[in-house]
1. All but one of (1) within 14 Å of chain B (Cβ to nearest Cβ); (2) more than 22 Å from the chain's Cα centre (by Cα); (3) not in a loop (DSSP other than H, G, I, E, B) hold for A:Ser165; which doesn't?
2. Here's a check for you: in the stretch A:116-158, which residue that is charged (D, E, K, R) and under 20 Å from the mean Cα position of the chain (by Cα) is farthest from A:Thr265 (Cα to Cα)?
3. Step by step: first the residues of the stretch B:1-10, then only those that are within 11 Å of DNA strand C (Cβ to nearest atom) and of a type outside the set (Gly, Ala, Ser), then the one that is nearest to B:Met55 (Cα to Cα). Which residue is that?
4. Which one of the conditions (1) within 23 Å of A:Leu135 (Cα to Cα); (2) more than 8 Å from chain A (Cβ to nearest Cβ) does B:Ser62 fail to meet, given that it meets all the rest?
5. Among the residues of the stretch B:197-219, write down those that are within 12 Å of another protein chain (Cβ to nearest Cβ) and either in contact with a strand residue (DSSP E or B) (Cβ under 7 Å, 6 or more places away or on another chain) or crowded, with 23+ Cβ neighbours inside 10 Å (or both).
6. Go over the candidates B:Arg83, B:Arg14 one by one and state the one that is touching a helix residue (DSSP H, G or I) at 6+ places or on another chain (Cβ under 8 Å), crowded, with 16+ Cβ neighbours inside 10 Å and among the charged types (D, E, K, R).
7. Counting just the residues of the stretch B:12-39 that are facing chain A (nearest Cβ under 10 Å) and within 23 Å of A:Val72 (Cβ to Cβ), which one comes out farthest from DNA strand C (Cβ to nearest atom)?
8. Please specify each residue of the stretch A:1-51 satisfying the condition of being more than 8 Å from DNA strand D (Cβ to nearest atom), over 21 Å from B:Leu135 (Cα atoms) and under 35 Å from the mean Cα position of the chain (by Cα).
Number of protein chains: 2
Amino acid sequence: MTLGQLNAFVLVARLGSVTDAAKALGVSEPAVSQALAALRQHHGDKLLIKRSGGMTLTAGGSRLLPIASQMVALGAEADAAVRQANGVAARLQLAVTSEIAEFVANPLLEAFTRRSGNAIDASSGLARTAELPVLITNRLADVALGPDVTGDAGDLDCTPIFRASLVVVGSPHCRHQGSPAHWPWLLDPAGADPGSDTGRLLARLGVPDDAIQVFPNQTAAWSAAASGGGVSVALEHLVAPQLRRHELAVVPTRHTPMSTCWYVTTLPTDRRTGAANSLRHFLTTPAAMHVMRAPGSGVPPSRFRPPVYVTIWS
Amino acid sequence: MTLGQLNAFVLVARLGSVTDAAKALGVSEPAVSQALAALRQHHGDKLLIKRSGGMTLTAGGSRLLPIASQMVALGAEADAAVRQANGVAARLQLAVTSEIAEFVANPLLEAFTRRSGNAIDASSGLARTAELPVLITNRLADVALGPDVTGDAGDLDCTPIFRASLVVVGSPHCRHQGSPAHWPWLLDPAGADPGSDTGRLLARLGVPDDAIQVFPNQTAAWSAAASGGGVSVALEHLVAPQLRRHELAVVPTRHTPMSTCWYVTTLPTDRRTGAANSLRHFLTTPAAMHVMRAPGSGVPPSRFRPPVYVTIWS
DNA sequence: CGCTGGATTAACCCTTTGCTTAAGGAGTAT
DNA sequence: ATACTCCTTAAGCAAAGGGTTAATCCAGCG
């Protein structure tokens with residue numbers, strides 16, 4: 001399976017015709033057909049079958065197409081990326097968990113970029129807790145911000161940087177009685193991540209999966225909880241505005257308030273990039289503390305980065 | 001540039017040593033070194049340089065690594081995807097804009113999957129308005145849900161399915177005076193997407209970029225607006241809970257309420273998959289209307305799908 | 001039936017990949 | 001300085017990629 005074969009496959013699938021694909025590639029028709037044959041043999045699937053109205057995808061082919069398409073696109077991107085690398089700002093990739101992504105990642109990187117005099121081009125990506133150490137050890141991220149991951153992978157530098165308090169919140173107009181295990185829990189994606197602080201709290205309280213509803217983000221989950229649909233989980237300082245406006249109230253439980261801590265994880269000193277060092281250092285400064293404590297606002301459109309990289313499906 | 005070469009490069013970068021990479025691949029040391037040499041020549045960049053403590057990445061190499069890594073991972077995934085394709089549920093990929101992703105995509109697909117008797121495995125991905133027609137024509141998505149895209153690309157089937165009313169909202173305790181162009185606008189990512197309904201409204205009102213702050217999602221933007229930091233934009237029926245609780249109030253402007261419409265976009269009938277047809281039909285049913293009108297709640301953890309596919313950076 | 005457009009197969013060629021072993025440098029540690 | 005480790009280069013070889021032209025198959029159609 002080579003990139004050339006994948007490219008031929010993608011073109012045939014998109015154009016619906018071997019002939020057209022051959023024209024587009026500037027090669028003869030059999031060349032394309034042969035590339036297709038090689039792919040078919042490799043995968044043991046016809047991938048594309050001839051039909052009136054053009055070549056149509058088999059089940060296997062339709063799974064392969066988005067993957068192949070992305071591989072081809074990345075191949076082109078690789079050239080451009082290396083070519084542009086020189087004389088351009090250093091790049092830094094930060095991996096964060098969903099809670100951090102929602103509130104602090106963007107303002108934090110915004111502040112960091114400004115402080116570095118735009119010499120570092122930082123971007124963040126969202127991952128589940130278990131993936132953080134993998135991303136770091138594989139050098140797919142330079143810095144990770146999230147729960148403690150020592151033990152998951154040796155040889156990583158994982159130090160605490162920020163303490164916070166995890167609380168359960170609910171509508172101030174509702175009483176929550178009985179065992180917390182039976183309350184309806186309205187949570188952000190961290191509720192589906194057993195390694196997150198939220199996940200650990202749920203485990204301690206013995207909350208079963210069918211008592212949990214997952215929302216796309218924390219603010220939405222809080223808003224649903226404010227409507228009286230159930231309880232939610234929040235870092236106390238992040239939910240402060242909602243508490244102040246009495247949209248939500250803290251609900252005490254056997255295990256909350258629970259003290260938690262964010263950790264910064266990187267490779268050990270000798271294998272770390274300079275940009276990673278800078279961010280690591282920045283995270284200990286009062287300016288960074290301030291952002292984490294009161295992340296506050298959004299960012300200007302020019303600086304806005306979607307919290308995750310959206311290419312195309314896998 | 002072949003996948004084998006990229007794989008060798010990735011392994012050397014991760015393990016920090018040609019020797020270890022060769023061991024991991026079960027080949028001789030020069031084999032890896034040669035693959036590396038080919039890549040270096042192709043890109044005109046050393047990519048990895050020898051240093052005490054292992055091979056370290058050049059600027060170009062560090063750009064290439066995540067791309068190469070993803071390509072290698074996708075290569076492995078391709079095999080698995082095709083192999084698993086037979087006897088398994090049909091897959092459908094839905095592309096949506098950020099507003100829809102936040103509120104309706106998950107409940108809608110949840111309802112659709114249930115109604116299809118789990119015979120269709122649907123997932124959604126987030127894209128900007130301008131990307132929707134591209135995703136459809138390239139068969140990277142089967143169905144798109146968002147603003148009207150006729151004209152952007154010929155030969156697509158784009159029909160209206162849902163009418164709604166776009167309003168401006170702000171804290172009920174604040175007065176908003178003067179020209180709307182000078183108010184602070186607190187928006188979700190659609191505020192950075194000129195093709196979205198929100199983007200079009202901002203253009204009509206003449207709101208400059210520096211009056212806009214972008215939040216990671218609409219609920220967060222509304223929450224910030226409720227704190228009195230500015231105004232936000234919302235579909236009236238989606239912000240209804242906040243209006244009912246008097247956290248927010250509608251702010252009239254010259255161009256709002258503005259009537260908008262969601263469109264469903266697919267390939268023309270003869271090139272459409274069966275699953276795409278099913279979803280297209282489902283979207284016109286009262287059940288789907290109900291979900292779009294009152295998307296309401298979250299989904300169970302087992303069904304939760306992050307709104308975008310998060311692999312690794314590009 | 002026979003024609004025709006389009007996909008495939010066959011036969012053949014050259015280039016590249018990818019692997020080997022052997023030898024050469026370059027840096028580090030003892 | 002010497003030995004050691006590790007990356008690189010050189011030379012050679014089998015296999016696969018990727019291209020061509022010519023022949024073949026196959027469905028739709030007059």
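The values are calculated or read from the model by the stated rules, or taken from the named source; none is laboratory data. Just so you know, these numbers come straight off a predicted model, no measurement behind them. Counting neighbours? That spans all protein chains shown, and the Cβs are built from the backbone with ideal geometry, glycine included.
1. Against the list (1) within 14 Å of chain B (Cβ to nearest Cβ); (2) more than 22 Å from the chain's Cα centre (by Cα); (3) not in a loop (DSSP other than H, G, I, E, B), A:Ser165 comes up short only on (1).
2. Here is the first cut: in the stretch A:116-158, the residues charged (D, E, K, R) are A:121, A:128, A:131, A:139, A:142, A:148, A:152, A:155, A:157.
Now drop any that are not under 20 Å from the mean Cα position of the chain (by Cα), which leaves A:121, A:128, A:131, A:139, A:142, A:148, A:152.
On the way: A:Asp121: 19, A:Arg128: 14, A:Glu131: 12, A:Arg139: 12, A:Asp142: 9, A:Asp148: 8, A:Asp152: 12 Å.
Looking at the filtered set, the residue picked out is A:Asp121.
3. Keep residues of the stretch B:1-10 that are within 11 Å of DNA strand C (Cβ to nearest atom), which gives B:1-9.
Right, trim to of a type outside the set (Gly, Ala, Ser) and you get B:1-3, B:5-7, B:9.
Values: B:Met1: 21, B:Thr2: 21, B:Leu3: 21, B:Gln5: 16, B:Leu6: 16, B:Asn7: 16, B:Phe9: 11 Å.
Top of the filtered list is B:Phe9.
4. (2)
5. Taking the stretch B:197-219 as the starting set, the residues that turn out to be within 12 Å of another protein chain (Cβ to nearest Cβ) are B:198-199, B:202, B:207-219.
If the condition is that a residue be within 12 Å of another protein chain (Cβ to nearest Cβ) and either in contact with a strand residue (DSSP E or B) (Cβ under 7 Å, 6 or more places away or on another chain) or crowded, with 23+ Cβ neighbours inside 10 Å (or both), then B:Thr198, B:Leu202, B:Val207, B:Ala211, B:Ile212, B:Gln213, B:Val214, B:Phe215, B:Pro216, B:Asn217, B:Gln218, B:Thr219 are the ones that fit.
6. Working: B:Arg83 fails: crowded, with 16+ Cβ neighbours inside 10 Å.
Unique residue meeting the criteria: B:Arg14.
7. Top of the filtered list is B:Ala13.
8. Passing the criteria: A:Leu36, A:Leu39, A:Arg40, A:His43, A:Gly44, A:Asp45, A:Lys46.
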